[in-house]
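K.L.:
The structure follows.
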Amino acid sequence: MCDSCGCGDPSIVPVEVQERILAGNERTAAHNRDHFHREGVLAVNLMGSPGSGKTSILEATARALKQEIRIGAVSGDLATSHDAERLRAAGIPSESITTGTACHLDAELVHRTLHDFPWRKLQILFIENVGNLVCPAVYDLGQTANVVALSVTEGEDKPLKYPPMFRNADLVLLTKTDLLPHLSVDVAAIHDALARVMPRPRLLPFSAVTGEGVERWAAWLRERRIALFLQEPARDADLMPQLASSRA
Amino acid sequence: MHEYSIVSALLDRVENEARNRGAVGVHAIRVKIGDLAGVDRGLFATAFETFRAGTICAGAALTVVPVEACWECPRCGQPLARGAVLRCAMCLEPAGLARGDEILLDSIELEVP
């Protein structure tokens, strides 16, 4: 009761909350992460624009690693299950997460999907996020690593335009490099843009058509799996761009 | 448009707090959103206008406090210039984000009978 004037109005009580608004998602993500770690599954959150080549990366990964590492994928898709169908055709156990109108996956969507998916039998679980350079960056899913697919046709300044997406990336795959001879794209400018938004920039040129970068990508995944067991960050120093040559 | 799902998480959190404290209404809400949070502050405010109807926050005033991104060297503490390569020019250490990625419910004012 307001006791200063006796008007009967409620009193205003200030409350310091100081809590992250997405704390609920972060709790579920921590729960997912705990599951993945306990079962020794490397969970990779694969993000990128629509058409940046995420599904093609996974198809190429299946070709390269199928005999050696058990991989599987869950794919976020607004309205179809085309991606999951493509991945199953490539021999990867796959499930789609139809998000309806949601522009990103969240930890709860992933958790629910995994209940009906044999993820425990896998060694690497790819979570193919909804094609979008904005929203997926905000939601932790419980992954061990964030990988962003950036195609050479998207322009050199994409990292500068979407810094939250690239800031938390562990690796950027520069896809469709087979198209470079037909474009006037300056790859050094992409390196430079990345170095301004990503504190430990790592860029790997990749082509699902020619196979460029597939072996180094496979090696990166193997290192990440080992690091998962050793509980230490992987050292992939060979993927550091030449900072000395980038424009300061 | 993930701003809508963030606002919906905010309303749930505030509603919880209000219920636990026996409040009859929410007078004001103050949130902090960093430049690197990946959240559009204008869209966030629009989403709040849309979603607060019919909730305990229907009459609440929303204040969104922007937080400028600040990168600094984890070794010498020197802040980096805006737009610079994220590596300390002196120590060569990769920079760390000191602030600017927060999506924070800072404080609320409850109407308690």
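K.L.:
Is it the case that segment A:50-64 has a residue that's within 14 Å of another protein chain (Cβ to nearest Cβ) and charged (D, E, K, R)?
P.N.:
Our first condition is that a residue be within 14 Å of another protein chain (Cβ to nearest Cβ); within segment A:50-64, this holds for none.
The answer is no; no qualifying residue exists.
K.L.:
Check residue A:19 against each of (1) in contact with a Phe, Trp or Tyr (Cβ under 9 Å, 6 or more places away or on another chain); (2) within 22 Å of residue A:168 (Cβ to Cβ); (3) surrounded by fewer than 20 Cβ atoms within 10 Å (Cβ to Cβ) and name the one condition it does not meet.
P.N.:
In the conditions (1) in contact with a Phe, Trp or Tyr (Cβ under 9 Å, 6 or more places away or on another chain); (2) within 22 Å of residue A:168 (Cβ to Cβ); (3) surrounded by fewer than 20 Cβ atoms within 10 Å (Cβ to Cβ), residue A:19 misses (1) alone.
K.L.:
Within segment A:16-30, count every residue that is more than 8 Å from every other protein chain (Cβ to nearest Cβ) and within 18 Å of the chain's Cα centre (by Cα).
P.N.:
Adding up the residues that qualify gives 4.
K.L.:
If I filter segment A:155-178 for residues that are touching a helix residue (DSSP H, G or I) at 6+ places or on another chain (Cβ under 8 Å), at pLDDT 95 or above, hydroxyl-bearing (Ser, Thr, Tyr) and farther than 17 Å from residue A:52 by Cα, do I get at least one hit?
P.N.:
No, the conditions are met nowhere in segment A:155-178.
K.L.:
So for segment B:30-51 (the condition being at the interface with chain A (Cβ under 9 Å from one of its Cβ atoms), closer than 20 Å to residue B:1 by Cβ, acidic (Asp, Glu) and not in a strand (DSSP E or B)), does at least one residue qualify?
P.N.:
Taking every residue of segment B:30-51 in turn, at least one turns out to be at the interface with chain A (Cβ under 9 Å from one of its Cβ atoms), closer than 20 Å to residue B:1 by Cβ, acidic (Asp, Glu) and not in a strand (DSSP E or B).
K.L.:
Looking at B:5, B:107, which is the one that is at pLDDT below 95 and out of contact with any helix residue (DSSP H, G or I) (no Cβ under 6 Å at 6 or more places or on another chain)?
P.N.:
Numbers: B:107 fails: at pLDDT below 95.
Going through B:5, B:107 in turn, just one is at pLDDT below 95 and out of contact with any helix residue (DSSP H, G or I) (no Cβ under 6 Å at 6 or more places or on another chain): B:5.
K.L.:
Oh, and also: Any residue in segment B:1-27 that is under 15 Å from residue B:107 (Cβ atoms) and more than 7 Å from chain A (Cβ to nearest Cβ) sitting within a Cβ distance under 9 Å of a residue that is surrounded by fewer than 18 Cβ atoms within 10 Å (Cβ to Cβ) and of a type in the set (S, T, N, Q)? List the pairs, counting only those 6 or more apart or interchain.
P.N.:
Correct list of pairs: B:14/B:55; B:26/B:55.
K.L.:
Read through the list (1) closer than 27 Å to residue A:169 by Cβ; (2) more than 7 Å from every other protein chain (Cβ to nearest Cβ); (3) surrounded by 16 or more Cβ atoms within 10 Å (Cβ to Cβ); (4) not basic (Lys, Arg), then give the number of the only condition that residue B:95 fails.
P.N.:
Every listed condition holds for residue B:95 apart from (2).
K.L.:
What is the number of the single condition among (1) of a type in the set (A, V, I, L, M, F, W, C); (2) part of a strand (DSSP E or B); (3) within 12 Å of chain A (Cβ to nearest Cβ) that residue B:62 does not meet?
P.N.:
The single condition residue B:62 does not satisfy is (3).
The values are calculated or read from the model by the stated rules, or taken from the named source; none is laboratory data. Computed from a predicted structure; not experimentally measured. Counting neighbours? That spans all protein chains shown, and the Cβs are built from the backbone with ideal geometry, glycine included.
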